[in-house]
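So the structure is just underneath, and the comments pick up after that.
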Amino acid sequence: MTQTVKERVIAILAEQAVMDVGDIRQEDTLEDLGLDSLGLVESIFAIEEAFDIAVPFNANAPDASDFDISSVAAIIAAVEGLVAQAKAA
């Protein structure tokens, strides 16, 4: 069975946060998940690898990034957009 983008992103975040997938909520922030900057970077790398996309995220200036990391839902939406762009290219 093929996972949706949402399911794969949640699975990646759960793995990085050492949590069960079922414990992650759409409204959770990275802080809620206990992910620090290293966990975020590792999550970004895992997302890029899983979806074969380039995430426009600068770890040195996360607030200046075009990649919204404000919540799990925002990350899912951003990844869905990047996946759609990659398929259209």
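FYI, it's all coordinate maths here, none of it is from the lab. Just so you know, these numbers come straight off a predicted model, no measurement behind them. Please note: Cβ atoms are built from the backbone with ideal geometry, for glycine as well, and neighbour counts cover all protein chains shown.
Below is a table of values for the structure above.
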| read-out | value |
| --- | --- |
| J(HN,Hα) series, region 27-36, from Karplus relation 6.51 cos²θ - 1.76 cosθ + 1.60, nearest Hz, glycine and proline x | 7, 4, 9, 4, 5, 4, 7, x, 8, 8 |
| Computed [θ] at 222 nm, helices only, for the chain once each DSSP H run of length n ≥ 4 contributes -39500 (n - 2.57) | -17000 deg cm²/dmol |
| Whole-Hz ³J(HN,Hα) from phi, Karplus 6.51 cos²θ - 1.76 cosθ + 1.60, for region 17-26, glycine and proline x | 8, 6, 10, 7, 3, x, 8, 8, 10, 4 |
| Region 5-88: relative contact order in percent, alpha carbon pairs under 8 Å with at least 6 residues between | 34 |
| Size of charge dipole - the chain - debye, nearest 20, with Cβ of Lys, Arg +1 and Asp, Glu -1, no other charges | 340 |
| For the chain, average projected area of the Cα convex hull in nm² | 5.7 |
| Spacing of the two label points (7 Å from each Cα toward its C-beta) at GLU80 and ASP68, in nm | 1.1 |
| Net lengthening on full extension, ALA61/GLU27 (0.36 nm per residue, minus Cα-Cα) | 10.0 nm |
